[in-house]
Structures are given as structure tokens and as C-alpha cells.
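Working notes for the structure below.
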Amino acid sequence: TAVMTESAHDLNAFISIMAFLVGFAQIVFLFNLIWSIRHGREAGGNPWRATTLEWQTSETPPPHGNFGKELPIVYRWAYDYSVPGAKEDFIPQNVPGSFGSSKEPA
């Protein structure tokens, strides 16, 4: 016969409950994954509306050289969100504007 203390039984019960909980979470994850693959919509080239240049390439993943023969001109800092006077919150780095940032290339 094996000797197990009462605290070992309690620990075993706790670990078993947690294992079932983690297993259930995995089932929810797999359902969400399969549902998204079958019924989800295409995210697009810049789903987060990021302003930085890596999201301004013409295709994903970008080819060698990223931008082709001519590099884009940068007009503002990479993380300029909510620029005062701008019509939109999202303004890419390579779009010129007269709202708070310089018209001159950075």
C-alpha cells in the first residue's frame, strides 16, 4: 500500500481541477482557431493602422529591398499619433502634411 498524506490528496485534487481547466481553455482556443480560419475576414496589409514604414510596403512579406529603387521620404516621427489639427489619428510617416509636423523631410 502507498502512503499518501491528506495534504497530498488535496494537492492532487487541485492539480486535477487545474488540468481540466487548462484542457477546457485549449478546447476554446482550438474552436476559435478553426472558426477564424473558416469564417474570419482577411486582415489586410496594415490591420493595426501603424504609421511606420514597414507597414507601407506594397506586399507582405516585403521583397528584398522593400521599397524598390526609390526610398520613401519620411516627414514625421514613427509614432506620431493624434497629431493636433490632423483629420485622422492614423497618418503614415511618408505622407506630407501641414499639421504640427514639418513639411520638410525628416
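Read the figures in this text as sums done on the coordinates, not as results from a lab. If you're wondering where the values come from, they're calculated on a predicted model, not measured in any experiment. Every residue, glycine as well, gets a Cβ built from its backbone with ideal geometry; the counts of neighbours run over all protein chains shown.
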*Assuming Thr5 fulfils every condition listed in (1) closer than 30 Å to Asn94 by Cβ; (2) exposed (fewer than 10 other Cβ atoms within 10 Å of the Cβ) apart from one, which condition is it?*
(1)
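Has the range 9-31 got any residue that is among the polar types (S, T, N, Q) and in contact with a helix residue (DSSP H, G or I) (Cβ under 7 Å, 6 or more places away or on another chain)?
Looking through the range 9-31, none of the residues is among the polar types (S, T, N, Q) and in contact with a helix residue (DSSP H, G or I) (Cβ under 7 Å, 6 or more places away or on another chain).
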*Could you please find all residues in the range 16-69 being charged (D, E, K, R) and either in contact with a strand residue (DSSP E or B) (Cβ under 6 Å, 6 or more places away or on another chain) or surrounded by fewer than 10 Cβ atoms within 10 Å (Cβ to Cβ) (or both)?*
Arg38, Arg41, Glu42, Glu59, Lys69
*asked:* Let me confirm something: among Tyr75, Tyr79, which residue is aromatic (Phe, Trp, Tyr), within 30 Å of Asn94 (Cα to Cα), touching a residue at least 24 places away in the same chain (Cβ under 8 Å) and loosely packed, with under 10 Cβ neighbours inside 10 Å?
replied: Tyr79
*Tally the residues that are over 30 Å from Ala86 (Cα atoms) and either assigned to a loop (DSSP other than H, G, I, E, B) or of a type in the set (Phe, Trp, Tyr) (or both), restricting the search to the range 9-59.*
7
